[in-house]
Amino acid sequence: MARNPERRVALTDAAIEVLAQEGARGLTFRAVDIRAGVPVGTASNYFSSRDDLFMQTGARIHSRMTPDPAQVEQAMLPAPSRALVAELMHWLVRRMTDDRAGYLALLELRLEATRRPELRTQLTRTVRTAFEESAAFHRDRHLPGDHTAFLVLYLAMTGVLLEHFTLPEMLGDTGLERLVDAVVERIIPGG
């Protein structure tokens, strides 16, 4: 198995692009090689199987979606409030929009996980860990709302992002920013 970490990152980034544009059925070693601009056969030297490619791509998506700790600290300078939660949700939307391919690839992986038990196990573990870390962050930073409010906010924002990235016309004239504000206002207590 090849050990060049930069090449592995480039290959998983290429796999994210393939997933986002062609779906799980299009994610082949050859498609990744072509997208990464490397000789055919390179991806098969870095991933032991297609399942391994799916799993490592999922880990890379998570890595790309995790915000920089310094940016998190900067975002948390204001006092805890509903307004701060709204700003954090707007920041989430901006981060996902900036990495649209990553978010769409994650949706593809979620669908593929319904057919691949090992991928489902790994993806569930990764998403659950990220959720628990976010819930602990919410609690430890004394943001308004209990665990149930955080859970409902998480689920509502997941739905907002799903519609925004897959069927934005479904939302009609509802502005995304206004929608995020409304979600936070109706779920998170306080002013």
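The values are calculated or read from the model by the stated rules, or taken from the named source; none is laboratory data. Given the structure is predicted, the values throughout are model-derived calculations rather than measurements. Please note: Cβ atoms are built from the backbone with ideal geometry, for glycine as well, and neighbour counts cover all protein chains shown. With ligands, DNA and RNA removed, areas are computed over all heavy atoms of the protein, side chains included. Shrake-Rupley method; radii C 1.70, N 1.55, O 1.52, S 1.80 Å.
Descriptive notes on the structure:
- Checklist (1) open to solvent by 60 Å² or more (accessible area, probe 1.4 Å); (2) over 30 Å from Glu22 (Cα atoms); (3) modelled with pLDDT of 95 or more applied to Thr114, failing item: (2)
- Members of the stretch 1-35 that are more than 21 Å from the chain's Cα centre (by Cα) and among the hydrophobic types (A, V, I, L, M, F, W, C): Met1, Ala2, Phe29, Ala31, Ile34
- For Leu143, the requirement of being of a type outside the set (D, E, K, R), under 16 Å from Val183 (Cα atoms) and more than 13 Å from the chain's Cα centre (by Cα) is met.
- Subset tally (residues that are more than 18 Å from Ala83 (Cα to Cα) and either in a helix (DSSP H, G or I) or among the aromatic types (Phe, Trp, Tyr) (or both)) for the stretch 152-191: 14
- Residues of the stretch 142-151 satisfying the condition of being surrounded by 16 or more Cβ atoms within 10 Å (Cβ to Cβ) and part of a helix (DSSP H, G or I): Ala149, Phe150
- Checking Leu77, Leu119, Leu106, Leu123 one by one, the residue that is open to solvent by less than 70 Å² (accessible area, probe 1.4 Å) and within 28 Å of Gly175 (Cα to Cα) is Leu106 and no other.
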